[in-house]
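Below you'll find the structure, written out as structure tokens, and then a few comments.
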Amino acid sequence: MNKVVILAINAKYVHSSLAAWLLAESVSQYALSSHDIAVVEVNINQTDDDIAAQVAAHKPDVVGISTYIWNAKKLPSIMDELRKLLPEAVFVLGGPEVSHDVEHWLDNGVDLVLCGEGERSFPALLDVLENGEALEIVPGLCRKQDGELLCNPAEEVSTDFVDPFSEACLSAIEGKIAYIEASRGCPFRCAFCLSGGSEVRLFPLEQVKEQIAKLSKTNVRIIKFVDRTFNCHAKRAYELFEYIIGLETDNGFHVEVAADLFDKHTIELLATAPAGRIQIEAGLQSFFEPTLEAIFRKTDLDKAVENIQTILRSGNIHVHVDLIAGLPHETLAEFQNSFDGAYAIGAHTLQLGFLKMLHGSALRENEKSIVFEQEPPYEIISSTWLSVSDLEILKRTESALQHTYNKGRFLSTLRYVLSASKLKPFLFYRALGEAVSADGIALADYAAQIYGFCSKLQGVETDKLLEFMICDWLGMVKGANMPQFMKTADKQQLAKVADTAEANLGRKLRRNEAAVLPSGKGVYVDSEKRDMVTGLYSVICI
């Protein structure tokens, strides 16, 4: 019997690996011989020694490693440590990162690479290794023999899908982000994505519902569908949304959607969801038509914006919108227009990502004018349309956006400053990112720097600015100690506000849950009333 470790090296502790548990269950279902399977989940912030020791503790004969851009850079050093501890073990890599760069990995200490999906091929490989059979019968298996690269034909994609959520899996993902899939593939052909143009395979609907039901009973942070376009099949998406909305659970569900594909019927259904039950992520990527054409992105932007704003008006769905900086034909000026257009939608999060030239993507194969890092995650360095300094500007802009708006910080302050200064959003966040750094400083110190920056903008009144920042602070952090510059009242004034607040709430107020505004008005936070969508606490002005 082979002792086998399936190693998942996640990007963060809070993440879990769907792939590792799918493979473990696939071995149970499809392997013809018996194998002793252990799933080891670690994260890239752990030391190589620690990761290797966790794997070696199982004394495996075979180590299978799920490989992606977030762990590929760290993997060679981990492999070196594993080789020292397990000199006789067979090391097998699979996943998107190695499937499109096979020879590189086989030339750097890896014994075998499995290309494509592994639910059938991984159990077949373990059987072959156990029984001493020929490697040639394992679909999608690649190896080096006498310096020659040998790759077996890939197996046809399966329409049979296993349920990864065993008791061991459900126990392991407690307190973490759980991942689930209802389909594979994508009907679109986006040039930057590995899923582009692949056939969409829909998992059996009742099986998906059963898995959702299992996860809904767990104590996970959120349940994320990994489907590339959750709503590409409108009727099916409606049925799954309906099922999720009807569950008795406190868990939230996150889905990636094409916002222009929503019909009126589905939007009306989403409006009935309990607050915080559903999060949608809509990848717009760009508002510049030549760019969308160059990446084969077919989106009705007007319809997408209209649908997102309609969903936002219901106030019960958290909405996340994506842009990608560095796409072909989009200069800094054009990206500014895309940013301002996306910001105007009013989504709760505006994710500004940077182009990554992934192995196997059409953009990496065909677009030669983009300079990018040669090591994972293969992020853009410069292009015909964006210089190195342009990208530095975008990085600072993204940092300012991420540490304020995207974290739900100082939202009313930001609205006031943008209105009073009449600055366009991109120019404001660009200037903020250049003037103020959020790296390695406490939130109170960051708030003071924001106040200092915004108070100097034309049209901004400092007293109004301070009032908005005080109210935002209370709503963000409730009882956390208020920065010194926000403390505008003496103890007697503050005591009066606290007394009124306690009378209104019918309970004692905790320290720093009340304040006095520069106008003399009192304000307090109700720490028991939190918005399930934004995460902010209710702030009441007396």
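Read the figures in this text as sums done on the coordinates, not as results from a lab. Everything numeric in this text was worked out from a predicted model, so none of it was measured. We place every Cβ from the backbone using ideal geometry, glycine too, and count neighbours over all the protein chains shown.
Under a crude label model (7 Å from the Cα following the beta-carbon direction), how far is Lys422 from Arg530 in nanometres?
4.1
Could you work out the relative contact order of the chain? I mean the mean sequence separation of Cα pairs under 8 Å and 6+ apart, divided by the number of residues, in percent.
On the way: 989 pairs, mean separation 45.3, N = 542.
About 8 percent, as a whole number.
What number, in percent, do you get for the relative contact order of region 173-365 if the mean sequence gap of Cα pairs under 8 Å and at least 6 apart is divided by its residue count? Walk me through the numbers on the way to the answer.
Values: 359 pairs, mean separation 40.3, N = 193.
Rounded, it is 21 percent for region 173-365.
Given Leu150, Tyr238, Ser166, which one lies farthest toward the positive end of the charge dipole of the chain, if we put +1 on the Cβ of every Lys and Arg and -1 on the Cβ of every Asp and Glu?
Looking along the dipole axis, the top candidate is Tyr238.
If packing is taken as the average number of other Cβ atoms within 10 Å across a peptide's residues, how do 482-490, 428-436 rank, most packed first? Mind dumping the intermediate values first?
Numbers: 482-490: 15.6, 428-436: 20.7.
Going from most to least packed, we get 428-436, 482-490.
Magnitude of the Cβ-charge dipole of region 131-246, K/R +1 and D/E -1, about the Cα centre, nearest 20 debye?
Details: 14 positive and 17 negative charges, 141 e Å.
Its charge dipole is roughly 680 debye.
Starting from the Cα of Glu502, step 7 Å along the direction of its Cβ; do the same at Phe485; then give the gap between the two resulting points in nm.
Roughly 3.2 nm, to one decimal.
Excluding residues on the same chain fewer than 8 positions from Lys298, give the aspartates and glutamates whose Cα lies under 12 Å from its Cα.
Asp260, Glu289
Cα-Cα over 23 Å: which of Lys3/Lys84; Lys59/Lys84; Lys74/Lys356; Lys217/Lys407; Lys209/Lys235; Lys487/Lys521? The partial results should precede the final answer.
On the way: Lys3/Lys84 18 Å; Lys59/Lys84 13 Å; Lys74/Lys356 18 Å; Lys217/Lys407 28 Å; Lys209/Lys235 15 Å; Lys487/Lys521 13 Å.
Going by Cα-Cα distance, Lys217/Lys407 fall outside the 23 Å limit.
Which value in deg cm²/dmol, rounded to the nearest 500, describes the helix-derived mean residue ellipticity at 222 nm for the chain, given -39,500 (n - 2.57) per DSSP H run of n ≥ 4 and division by the residue count? Walk me through the numbers before you get to the answer.
Working: 21 runs with 212 residues, N = 542.
Result for the chain: -11500 deg cm²/dmol, rounded to the nearest 500.
Using a 4.7 Å Cβ cut-off, which Cys residues in the chain lack a partner cysteine?
Cys115, Cys169, Cys186, Cys232, Cys454, Cys471, Cys541
Compute the angle between helix 332-343 and the longest alpha-carbon principal axis of the chain, please, reported from 0 to 90 degrees and rounded to the nearest 10.
Relative to the chain, helix 332-343 is tipped by roughly 70 degrees.
Grab the other residues whose beta carbon is less than 14 angstrom from that of Val388, score K and R as +1, D and E as -1, and report the net. Intermediate results must be reported in sequence, preceding the final value.
Details: positive: Lys395, Arg396; negative: Glu373, Glu379, Asp390, Glu392.
Once positives and negatives cancel, what remains is -2.
Through the Karplus equation 6.51 cos²θ - 1.76 cosθ + 1.60, θ set to phi - 60°, convert the phi angles of region 481-486 into ³J(HN,Hα) values in whole Hz; use x for Gly and Pro.
Running phi through 6.51 cos²θ - 1.76 cosθ + 1.60 with θ = phi - 60° gives 4, 6, x, 4, 5, 8 Hz.
Which residues in region 390-409 place their backbone N less than 13 Å from a point set 7 Å from the Cα of Ser437 along the Cα-to-Cβ direction?
Residues passing the 13 Å test: 396.
Which is farthest toward the positive dipole end of the chain among Ser183, Phe287, Ile345, measuring Cα position about the Cα centre, with Cβ charges +1 (Lys, Arg) and -1 (Asp, Glu)?
The listed residue farthest towards the positive side: Ile345.
Stretch Lys303-Gln145 to full length: gain in nm at 0.36 nm per residue minus the Cα-Cα span? Could the numbers behind the result be given before it?
On the way: separation 158, 0.36 × 158 = 56.88 nm, distance 5.43 nm.
Taking 0.36 nm per residue and subtracting the Cα distance, the gain is 51.4 nm.
Mind giving me the nanometre distance, one decimal, between the label points for Lys73 and Ala234, set 7 Å out from Cα along Cα→Cβ?
Those two pseudo-labels are separated by 4.3 nm.
For the chain, find the longest principal axis of its Cα atoms and tell me its angle to the long axis of helix 121-131, 0 to 90°, nearest 10.
40
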